[in-house]
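These notes concern the structure reproduced below.
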Amino acid sequence: MLSASELAGRLAQHAEAVCRHYLSAGRRAGNYWIVGDVANNVGRSLYVQLTGPRTGKWTDAATGQHGDLLDLVRESGGLIDFRDVADEVGHFLSLPQPEPMSFSRDGARDHPPVARPAAERARRLFRKTEPLLGTLADHYLRQRGILRASGHVALRYHPSCYYRDLVTGRMTSYPALIAAVTDGAGTITGVHRTWLDAEGDGKAKVEDPRRALGGLLGNAVRFRMSVDIPIRVMAAGEGLETMLSLSHVIAGMPMAAALTANHLAAFRLPPGCRRLYIAADADAAGRHAIEGLSRRAQSLGILPLVLSPELGDFNDDLRRLGPDRLTASLRAQLAPEDAIAFLPA
């Protein structure tokens, strides 16, 4: 079997063909292939270099994901084991490679893109997970002060989740906390992975222990959000642990973790919602996300209210200040009727 670097090199020789095959919703723009994300959604966030010394390298400006064409094949297909990735690459390279596609002067494709469903790419990984209770992932969250995470159906555990170092190309596996990203109908469109140290010492000692896979735009990891029950009041924020910390003390309130600032700004609010609490992140991207989501909420007749932590984030508040102090802080920020409905007396 060829090594990871050798497979990536073979793919780079057919960079545009790889993009046309796996990212068919995109288009060529000069020396780049532009598309929405690795799930092949329409957009302009992800760009792949098609020429020069960095041929095959790609970056998603919205999520910060980056890598080579081997990573692109893995991410777009929801593949876990290196053997599965290698088999997929071998199958692709065995196909007849078409000539580069022609484009009109304005950069439009001669033929419309062929849409490919993204849901199964994430479902393939989620199907290989197991319940959270009592696992290393449950232990990890308990260390973070989140004691009832196993009650959330969106959270699962994978004992040996594939991880590739984007710098060295080395393939390894680590235990992982897996969170399902769903749309408003409850359909899985993506997953979020948090790789963990096998000895129970927090996150795995890798460069980027958190990565998302699949269709995130407009969607989120959802807690207590049932498609059968109207949602009048809810909270939304970026980070998984931020929203789990809020969920720990605001019992019963529906919540959503959009995973990045850009995806928080684009989160699709449920119909019938009347009041939205937005968990604040202090950086510039977080402020931009709050402003964007607030404007959209107001345009839909939804009242946006910002919840602010005392320390760096709500998980810091939960761990360092304790649940009672966090509850008191939130009581002062919630609307009175919501404080009565969702906080302990």
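Brief remarks on what is shown
- Theoretical ellipticity at 222 nm over the chain - DSSP helices of four or more residues, -39500 (n - 2.57) apiece, nearest 500: -8500 deg cm²/dmol
- Accessible surface computed residue by residue for the stretch 172-308, with neighbouring protein chains in place and a 1.4 Å probe, gives 37 Å² per residue.
- When you restrict to C-alpha pairs under 8 Å that are six or more residues apart and normalise by the size of the chain, the relative contact order lands at 11 percent.
- Of all DSSP-defined beta bridges confined to the chain, some 75% are antiparallel rather than parallel.
- Taking Glu238, Glu130 and ordering them by how much accessible surface each has at a 1.4 Å probe, largest first, produces Glu130, Glu238.
- Residue-level accessible surface for Val153, protein heavy atoms, 1.4 Å, Å²: 130 Å²
- Interatomic Cα distance distribution for the stretch 257-345, bins of 5 angstrom, percent: 3, 13, 22, 22, 21, 15, 5, 0
- Residues of the stretch 290-306 with amide N under 20 Å of the 7 Å Cα→Cβ point at Arg232: 297-298, 300-306
- The portion of the accessible surface of the chain made up by carbon and sulfur, rounded to a whole percent, is 53 (1.4 Å probe; DNA, RNA and ligands excluded).
- Burial order of peptide ranges 156-164, 200-208 (average beta-carbon count within 10 Å, highest first): 156-164, 200-208
- Peptide packing: for 171-179, 283-291, the average count of neighbouring Cβ atoms within 10 Å per residue gives the ranking 171-179, 283-291, highest mean first.
- All Cα pairs of the stretch 48-98, percent lying beyond 17 Å: 45 percent
- Ile34 accessible area, assembled protein chains, probe 1.4 Å, Å²: 20 Å²
- Area accessible to solvent at Asp316, 1.4 Å probe radius, in Å²: 30 Å²
- Extending 7 Å from Cα along the Cβ direction at Arg148 and again at Asp208 yields two label points whose distance is 3.5 nm.
- Student exercise, the chain dipole from Lys, Arg, Asp, Glu Cβ charges, in Debye to nearest 20: 560 debye
- Cross-link reach list, aspartates and glutamates versus Lys205, counting only Cα pairs under 14 Å and skipping chain neighbours closer than eight places: Asp165, Asp197
- Once Rg and the Kirkwood radius are both taken over the C-alpha atoms of the stretch 23-63, their ratio Rg/Rh works out to 0.94.
The values are calculated or read from the model by the stated rules, or taken from the named source; none is laboratory data. The shown structure was predicted, so the numbers you read here are calculated from the model rather than taken from an experiment. Here Cβ is always computed from backbone atoms with ideal geometry, including for glycine, and neighbour counts include all displayed protein chains. The accessibility values were calculated without ligands, DNA or RNA, using every heavy atom of the protein model including side chains. Shrake-Rupley method; radii C 1.70, N 1.55, O 1.52, S 1.80 Å.
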